[in-house]
Ligand code: ARG
C-alpha cells in the first residue's frame, strides 16, 4: 500500500495499516468520480489565487480528466494498493506529472476532501431519491386513478371496517411517496453547502477562493466554519438516512399490504411471475420474495442508522472514527435506492381480483354509514350507534359503490380529489 503521508524511515506495520484502511479504498470507488470533480475545482481555485500557474492548472486538469476516463473504462482500478481514493488521485497525478502532481494537495486536507466527495455523493443520492419516490408516487397515482371507484374492503386492526376503494388504497400510498419526495428535496437543500477549503478543520494560510470553488461545484453556499464542517460529518449523513428511512417506511407498508393481499386467504392481488420465486421443495409454491425483501429494506437502513449514530459520540473536529460513517451510509443508500427503484414497475404490474375484493365486503361494514345517516335526521350520534349495533342484520341491501360514493368528506372514497395529488406530483 502506498501512503501519501509516509515520510520514509518510519515503520509501517502492514496489519495495522490494513486494519485502519479496512474497506476504504473499495468503498471509495463510489466516491472517486466526485473526488475527481472536486479536485478539479480545487485546482481551478488554486489557479485563481496564483498558487498554481496556468500551465500547472492545465496539466493537472488534463490528468484528472484522464483518471476519470481510465476509472470509467476500468483501465484504472481503485483497490487496496491505495490507502483510499484521495491517495489514489494524488498518486496518479504525481506519477504522471512529478512535482506538479504533488502540488494538488496545497491548501487542502483529506478531512475536507472526503467531506466534499461525500457531500456531492449525498447530493446525487438525494436527487435520485426524489426521482424514485416521485416515480413511485406517479405509478401509484396512475393505478389509483385507473381503478378509482373499484370497491375493496377497508380494515382497521386487520378487522373488516368500512368499504374502501382501490383509488383510496393506492392514492394513500401515492400521497405518502409525495411526502418522501419532498423530504428528499428538502434534505438535498439542507446539505447543499461546500466543505472544501476548510482543510483539516482550522482553515489555511492562503486566500482560497472558497466561494468560486463552491460555485463551480454547484453548491448554493459555502459551509463556513471549518469546525462546523468537521462536526457535520455523520450528522448530514444521518439526515440523508432519515429521508431514506421515511421512504422505506412507506415501501414497507405497501409491501406488507401486498404480502397480505396476495395470500390465498385474501386473494385481492396477484403478482406477475417475475416478481415471484419458486420453492426448492414445494412444487405448488410461488412466493412473493421480492415484496418481502422490499419490506425488509427498512431494516437495513435502520441498522445503518444505528451504526452511524453510535459512531458519532465524539468531541469536536476530525477523528478517524468518522471514517466508519462511510460504510453504513453507502450500504444503506445502495440498498435503499435499489429497493425504491423497483416500486414503479411493481405497482404498474399488479393485477387486481375485483371479485375477491367485493366478496370481502360484508353488510355489517355499512354500519357506520347508517349511524351517520341517522344523525342527519337529528338523532345524537351515540344513540344512533347503539341503534345500529342492534340491527346489524338489516344492512344487506346496501352496495359498496353507494357507500363509497356517499362518503364525500374530502379525501374519502367519494371525494378522493386525486387531481390534487396529480397537481402536487407535477408541481
Ligand atoms: N478515509 C478517511 C475518512 O474517511 C479520510 C480522511 C483521513 N484523514 C485523516 N486525518 N487520517 O475519514
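The values are calculated or read from the model by the stated rules, or taken from the named source; none is laboratory data. Treat the numbers as computed from the prediction; the structure is a model and nothing was measured. Positions of Cβ are generated from backbone atoms using ideal geometry, with glycine treated the same way; all protein chains shown enter the neighbour counts.
Looking at region 3-51 only, could you name the residues that are under 30 Å from residue 124 (Cα atoms), away from the ligand (no atom under 14 Å from the Cβ) and not in a helix (DSSP H, G or I)?
49
Mind telling me which of the residues 322, 340 ends up being more than 30 Å from residue 83 (Cβ to Cβ), surrounded by 17 or more Cβ atoms within 10 Å (Cβ to Cβ) and touching a helix residue (DSSP H, G or I) at 6+ places or on another chain (Cβ under 9 Å)?
340
I need the full set of residues from region 199-242 which are over 28 Å from the mean Cα position of the chain (by Cα), in contact (Cβ under 8 Å) with a residue 60 or more places away in the chain and within 16 Å of the ligand (Cβ to nearest atom), in order please.
199, 200, 201, 204
Return the residues of region 66-79 that are part of a helix (DSSP H, G or I) and either modelled with pLDDT under 95 or closer than 12 Å to residue 28 by Cβ (or both); say none if nothing qualifies.
Within region 66-79, 71 is the sole residue that qualifies.
Identify the single condition in (1) at pLDDT 95 or above; (2) under 30 Å from residue 174 (Cα atoms); (3) surrounded by 14 or more Cβ atoms within 10 Å (Cβ to Cβ) that residue 307 does not satisfy, given that it satisfies every other one.
(2)
Sort through 333, 329, 294 and tell me the only one that's in a helix (DSSP H, G or I) and farther than 30 Å from residue 113 by Cα.
Only one candidate qualifies: 294.
Say we look at region 53-99 and pick out the residues that are surrounded by 14 or more Cβ atoms within 10 Å (Cβ to Cβ) and in contact with a strand residue (DSSP E or B) (Cβ under 8 Å, 6 or more places away or on another chain); which of these is farthest from residue 17 (Cα to Cα)?
Within region 53-99, the match that is farthest from residue 17 (Cα to Cα) is 91.
Output the number of the condition that residue 385 fails; it satisfies all remaining conditions of (1) in a helix (DSSP H, G or I); (2) without any contact (Cβ under 8 Å) to a residue 24 or more places away in the chain; (3) under 35 Å from the mean Cα position of the chain (by Cα).
Going through the list (1) in a helix (DSSP H, G or I); (2) without any contact (Cβ under 8 Å) to a residue 24 or more places away in the chain; (3) under 35 Å from the mean Cα position of the chain (by Cα), residue 385 breaks only (3).
Under 8 Å between Cβ atoms, which residue pairs at least 6 apart in sequence (or on different chains) link something in region 323-348 that is closer than 18 Å to residue 239 by Cβ and within 16 Å of the ligand (Cβ to nearest atom) with a partner that is at pLDDT below 95 and assigned to a helix (DSSP H, G or I)?
326/24
Given the options 364, 397, name the one that is surrounded by fewer than 18 Cβ atoms within 10 Å (Cβ to Cβ), away from the ligand (no atom under 16 Å from the Cβ) and assigned to a helix (DSSP H, G or I).
364 is the lone residue from the list that is surrounded by fewer than 18 Cβ atoms within 10 Å (Cβ to Cβ), away from the ligand (no atom under 16 Å from the Cβ) and assigned to a helix (DSSP H, G or I).
Mind checking whether some residue in region 259-270 is on the phi > 0 side of the Ramachandran plot, at pLDDT 95 or above and surrounded by fewer than 20 Cβ atoms within 10 Å (Cβ to Cβ)?
So far as region 259-270 goes, yes, one or more of its residues are on the phi > 0 side of the Ramachandran plot, at pLDDT 95 or above and surrounded by fewer than 20 Cβ atoms within 10 Å (Cβ to Cβ).
So which residues in region 400-413 are assigned to a helix (DSSP H, G or I) and closer than 13 Å to residue 171 by Cβ?
404, 413
Do we find that residue 63 is farther than 23 Å from residue 230 by Cβ, without any contact (Cβ under 8 Å) to a residue 12 or more places away in the chain, assigned to a helix (DSSP H, G or I) and more than 16 Å from the ligand (Cβ to nearest atom) in this structure?
The answer is no for residue 63.
Name the residues in region 187-200 that are out of contact with any strand residue (DSSP E or B) (no Cβ under 6 Å at 6 or more places or on another chain) and crowded, with 19+ Cβ neighbours inside 10 Å, would you?
If the condition is that a residue be out of contact with any strand residue (DSSP E or B) (no Cβ under 6 Å at 6 or more places or on another chain) and crowded, with 19+ Cβ neighbours inside 10 Å, then 187, 188, 191, 195, 196, 197, 198, 199 are the ones that fit.
For region 80-180, list the helices (runs of 4 or more DSSP H) that sit wholly inside it and hold at least 3 residues that are within 16 Å of the ligand (Cβ to nearest atom); which are they?
Those helices (runs of 4 or more DSSP H) span 85-97, 110-146.
What are the pairs, 6+ residues apart or on separate chains, where a residue within region 131-152 that is in contact (Cβ under 8 Å) with a residue 40 or more places away in the chain has its Cβ under 8 Å from a residue that is part of a loop (DSSP other than H, G, I, E, B)?
The qualifying pairs are 132/341; 143/350; 144/416; 148/416; 151/361; 152/268; 152/360; 152/361.
Anything in region 271-293 that is surrounded by 14 or more Cβ atoms within 10 Å (Cβ to Cβ) and under 12 Å from residue 346 (Cβ atoms)? List them, or say none.
Passing the criteria: 271, 275, 276, 288, 290, 291, 293.
Is there a residue being touching a strand residue (DSSP E or B) at 6+ places or on another chain (Cβ under 7 Å), in a loop (DSSP other than H, G, I, E, B) and under 23 Å from residue 176 (Cβ atoms) anywhere in region 276-291?
no
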